[in-house]
Structure formats: structure tokens, C-alpha cells
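Okay, so here's the structure we're looking at.
What follows is calculated from the coordinates using simple rules that are stated; it is not laboratory data. Just so it is clear, the model here is predicted, and its values are computed rather than measured. Note that each Cβ is placed from the backbone with ideal geometry, even for glycine, and that neighbours are counted across all protein chains shown.
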Amino acid sequence: MNHRQDSPKIVVKGVPALIIIVLVAAFFAYRILVTNDTVAPELEDRVREVLAAEYARVLLPDLQKSVAAGDKKRVEEEVERLQSYTKKITFTSLKSRGGGSNLYVRAEILVDGKVPPSGKSLRYFHFHKSLLLGYVYQQEAFALEYYLPFFSGD
């Protein structure tokens, strides 16, 4: 009697192994290639809101300095600059991937035809879709998360 038990091994050979490999490859190809969806207008608005809030944070210190100095002309210039950054956000490319409630957005951004104040014109965002709230911004994502959204677990 053998007191030591070996773990069972599963070996797949021949045609069944080939079928499994083809099915796995087809699944990954589908997830990578076919899930490149267009962006819903509501989701585009959420991306624009996230960017506007970020750009406002970058520009607010200059506005605060102008207010503290009491320079009315400079305040007006800073307000105009802030409005141009938040109102003139354009997307040269906007695409989404993912499925279910997890969506990833790839955005190529220009502000008033120029590079954004953050210096990053290509960004990736992670959104969650809720039945009650619509699209909810989660966090900035990595490019790998956008291109391989099936690793997100949802």
C-alpha cells in the first residue's frame, strides 16, 4: 500500500487540446478587438467633467493670487483662461472598451486646440455604470487596463 498520494494530473492531447487553444484565443481576440465601442454622449460628458475639474485645480492658484492682489483686470483674465480650459475641451479621439458595469475610456485631448495644462494629451479613464447614477468616474486607468479590460474581473 502506498501511503504517499500523488496529485492527479490532467493531460489533454491532440484535437481536444487544439480546440481548447482555439477557443481561448478566440475569447481573447473577441475581448480585445470586438469590444472597442463608441462612447455614449453621457459618458463623453462625464470625461469632460473630470477633465474640467482637474484643469480648474491647475489654474486656481493663479486666480487666487490675482484676487489676493486686488488686480481686477488680472482676475478677469484668469477667469477667462479658466473658462477657456473648461469649455474648450475637445477630443480628437474618444473610444471605450469593457463590458457589464466596467468601462474604460481612451481620450486624446486638446484644450482650445493646444496641449492640455496637465501636459497629458492621451489619457485613460475607468468608469462604473450604475442603474441609478449612470456613469460614475472611478479613477484614471493605465493603458493596459484599457486594452485588456477582461482582467478587471467584471
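List every residue whose amide H lies under 5 Å from the amide H of Gln138, counting only residues 5 or more places away in sequence or on a different chain, with H placed 1.01 Å from N in the peptide plane.
His126, Phe127, His128
Cα-Cα over 18 Å: which of Lys88/Lys120; Lys72/Lys114; Lys87/Lys114; Lys88/Lys114?
Lys72/Lys114
Looking only at the range 53-70, which residues have a backbone nitrogen under 19 Å from a spot 7 Å from the Cα of Ser118 in the C-beta direction?
53-62
What does the C-alpha gyration tensor say about the overall shape of the range 33-152? Classify as rounded when a/c is under 1.5, otherwise prolate if a/b is larger than b/c, or oblate. Show your work: numbers first, answer last.
Values: a/c = 2.81, a/b = 2.35, b/c = 1.19.
Verdict is prolate for the range 33-152.
Could you state the angle between the C-alpha long axis of helix 15-29 and the longest principal axis of the C-alpha atoms of the chain, as a value from 0 to 90 degrees rounded to the nearest 10?
It is inclined by approximately 10 degrees.
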